[in-house]
Amino acid sequence: MNRREILQASGAFLFGAMIAPDTLYSFPEENNIILPDFKKDDFGKDFLWGTATASYQIEGAHTADGKGVSIWDTFSHINGKIVNNENGDIACNFYNQYPNDIGIAKKLNLDVFRFSTAWTRLLPNGTGKVNQKGVDFYNKIIDQCLKNGLSPWLTLYHWDLPQVLEDKGGWANRDMIDWFSEYTNLCADKFGDRVKNFMILNEPTIFSMLGYLTGKHAPGHTDVTKFLKVVHHISMVQAEAGRILRQKVKNANIGTTYSCNIVQPFTDSEEDKKACEKLDVLINRMYIEPALGLGYASESLPLLKNIEKFMQPDDLQKLKFDFDFIGIQNYTRIIAKYDEKAPLMGIKFVEAKDRNVPNMTTMKWEVYPEGIYLILKQFAKYKNIKKIIVTENGAAFDDKLEGKKVHDKNRVDFFEGYLAQVLRAKKEGVPVDGYFVWSLLDNYEWAEGYFPRFGLVYVDYKTQKRYIKDSGYWFQKFLKKR
Ligand code: IFM
C-alpha cells in the first residue's frame, strides 16, 4: 500500500479536514527549554520572525477544486526521479488543515506566515480563465493569518509552473514575461488589499540550475542554451512583476528571494580561486545584479555573454527593479576547486562528506553558522540594497517521534549558532530585519521526497497529525512577548 492508499483507507484524509485543531498538538505550560545568552530584543523591536512554506511542498489536494497540473505534479510521477518515487499529491494536507497549522504558527509567537500561491490553483491553464475556488482558498489562508495576528507574506512563484506553459516552452519561452504578468496582476487584484508583503520568486538559481542544467528538478532539462534563455527570462520577470505590484498594491513591500552561500576555494591556488569566482556568479550574483542595474556578471563568468543573443534593445534597462527588500536563503557554505574534468566549467564542489566536517544535516550539508554572517556581509556590499530579510534558514535532521515529543537538540543548536551570526552581522551594520525559519512543518523536499525533515513541527504523514518539536518550543519561548 502506498501513502495515499493508507490515508484513504484510514479515512485520515477526510478526517484531517474536520478534526478540531487543539486535539492535534499540546502546548505544555512548562518545559525545559534553555535559551541562549542573546535575546529577541537584541535584534530590534521591528525585526520580523516567521516561518516559510511553499504550496507544492505542503498543500496536497493536487486535483482539488479545479486545480490544474503543474510541472511538479508531472515530474514527481515519473518513475525514478524522486527518492522512493514520492510525490506531493497529499504532502501535509495543508489544503484542509490550514486553520490548525496557522494556529500553530501563532502559538509559536511568530509574526509572519510566509506561503506561496500555486499558479495552477488560480489559473489552471496558466492564463485565461480564473479558478474562483483557488482564489477562495488563498483568501481563506490570508484571512486566517490576519485573524491570528500573523502577517501574510506571499511568494508568487515557488517552482510549480503550470504544465501547459511548460508544454509551450516554459521559462525558455519569452512569452513567460506576459504569462507571469497576467498571474501577478491577478494576485495583486485579488489579494493586494490584505497582502502587502510580496516575494516574486523563490531561489531562481536553484529552479533554473536544477530544472534546466542538471535535470534533477522539474521540468528535468539538461540544456545549456535553454538554461541561458531561462536565466534571462527569469530576470526580466522578476523586474516586470515588481513593477506590476508597485503600481497595483498600495503600500506594498516588494522583494524577491535568492538562495546564497559563501563560496570558498578548497586551496589557495589561483586555479581554485578562479573556479570559485565563477561559481560565485552562478550561486550568488547571477540574478541580483541585473535587478540592481549591474547587468550580467559576464566578466567573471564569460558563459553569460551568450545571453546577449536573447536580449532585445530595451532589456538591460527593463532588468532593473528597485526592490524594497532582498530575501536571502542560506543553509550552508560551498567549498569548490578547479578540476579540468568537471563538466561545469572546470568547477568541482568539494562535498561536506569528503571534508570530514564535524556537523552535517540529513541533506549532507555542512552546518556552518559563520556562513550566514559572511553571506550577509557579501550582500550588504551592494550599494542599493535597502533591506535584507533572511527569508529561509533551517536544517533537516533525522528526527524521531518519541511518544508525542521530538527532541531535536541538533536543530536548536543550529538555530542558536545561525542566529548568533545574524545578530553579529546586524550589530556590524548589515540592514537585516527579519528571519524566517524553513520550515513550519516537515514537508515534501522535492527530489529527496519526504525523508529530510525541516519542520519546527513534526508531521506524521500516515495520520497527518502534527507534533511540536523541541525546536518549535524553543522559538515559542525565545519569541515570547514579555
Ligand atoms: O525545501 C527547500 C525550499 O523549497 C527552497 N529552499 C531550500 C529548502 C530546503 O532545501
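The values are calculated or read from the model by the stated rules, or taken from the named source; none is laboratory data. Predicted model only: the values in this text are computed from it and were never measured. A quick note on method: Cβ atoms are made from the backbone with ideal geometry, for glycine too, and the neighbour counts reach across all protein chains shown. These area figures cover heavy atoms from the full protein model, side chains too; ligands, DNA and RNA do not enter into them. Shrake-Rupley method; radii C 1.70, N 1.55, O 1.52, S 1.80 Å.
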Exercise. What does the helix-only formula give at 222 nm for the chain: each DSSP H stretch with n ≥ 4 adding -39500 (n - 2.57), the total divided by the residues, and the result rounded to the nearest 500 deg cm²/dmol?
Worked result: -10500 deg cm²/dmol
For this session: May I ask you to list, by number, the DSSP H helices of the chain whose Cα span along the axis is at least 24 Å and whose average Kyte-Doolittle hydropathy reaches 0.0 or more?
Result: 224-248
For this session: Quickly work out the LYS107-to-LYS273 label distance, labels modelled 7 Å from Cα along the C-beta direction, and quote it in nm with one decimal.
Result: 5.5
Seminar exercise, completed: The size of the Cβ-based charge dipole (Lys, Arg +1; Asp, Glu -1) of the chain about the Cα centre, to the nearest 20 debye, is 900
Problem set entry | Accessible surface ranking that places the most exposed of SER55, SER151 first, with a 1.4 angstrom probe | SER151, SER55
Problem set entry | Dimensionless Rg over Rh [the stretch 335-398; C-alpha; Kirkwood] | 1.06
Exercise. Rg(Cα) of the chain divided by 2.2 N^0.38 Å?
Worked result: 0.93
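By DSSP, what percent of the beta bridges with both residues in the chain are antiparallel, rounded to the nearest 5?
25
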For this session: Quick one: check the C-alpha center-to-center distance for the stretch 215-291 versus the stretch 52-79, whole angstrom.
Result: 24
For this session: Would you please classify the overall shape of the stretch 297-389 from the alpha carbon gyration tensor, given that a ≥ b ≥ c denote the square roots of the eigenvalues, rounded means a/c under 1.5, and beyond that prolate means a/b larger than b/c while oblate covers the rest?
Result: oblate
Exercise. Is the stretch 133-215 best put as rounded, prolate or oblate by its Cα gyration tensor, with a ≥ b ≥ c the root eigenvalues, rounded for a/c under 1.5, and otherwise prolate when a/b is larger than b/c, oblate when not?
Worked result: prolate
For this session: Would you check the accessible area of ASP178, probe 1.4 Å, heavy atoms only, in square angstrom rounded to 10?
Result: 100
Exercise. Of THR225, GLY394, ALA420, which is farthest along the charge dipole of the chain in the positive direction, counting Lys and Arg as +1 and Asp and Glu as -1 at C-beta?
Worked result: ALA420
Exercise. Separation between the ASP189 and GLN247 pseudo-spin-labels, each 7 Å from Cα along Cα→Cβ, expressed in nm?
Worked result: 1.4
Problem set entry | Against the rule of thumb 2.2 N^0.38 Å, how large the Cα Rg of the stretch 323-446 comes out | 1.20
For this session: Tell me the Kirkwood hydrodynamic radius of the stretch 206-311 in angstroms, computed as one over the mean inverse distance between distinct C-alpha pairs.
Result: 15.2
Problem set entry | the chain - accessible surface per residue (Å², probe 1.4 Å) | 40
Exercise. Taking every pair of alpha-carbon atoms in the stretch 398-471, what share in percent sits in each 10 Å bin, from 0 to the bin with the longest distance?
Worked result: 18, 43, 26, 12, 1
Exercise. In whole Å, how far is the Cα centre of the stretch 427-453 from that of the stretch 346-422?
Worked result: 9
Seminar exercise, completed: Taking the reciprocal of mean 1/r across every pair of different Cα atoms in the stretch 65-120, the Kirkwood radius in Å is 13.6
Seminar exercise, completed: Answer in debye to the nearest 20: the dipole magnitude of the stretch 190-299 about its Cα centre, from +1 Lys/Arg and -1 Asp/Glu charges placed on Cβ, is 920
Exercise. Once the dipole of the stretch 303-359 is set up with Lys and Arg at +1 and Asp and Glu at -1 on Cβ about the Cα centre, which of ILE347, TYR331, MET311 lies farthest towards its positive end?
Worked result: ILE347
For this session: Mind checking the full-extension length gain between ASN32 and SER300? Use 0.36 nm per residue of separation minus the Cα-Cα distance, one decimal, nm.
Result: 91.4 nm
Exercise. Hey, rough spin-label estimate for ASP167 and GLU428, points 7 angstrom out along Cα→Cβ, what's it come to in nanometres?
Worked result: 5.2
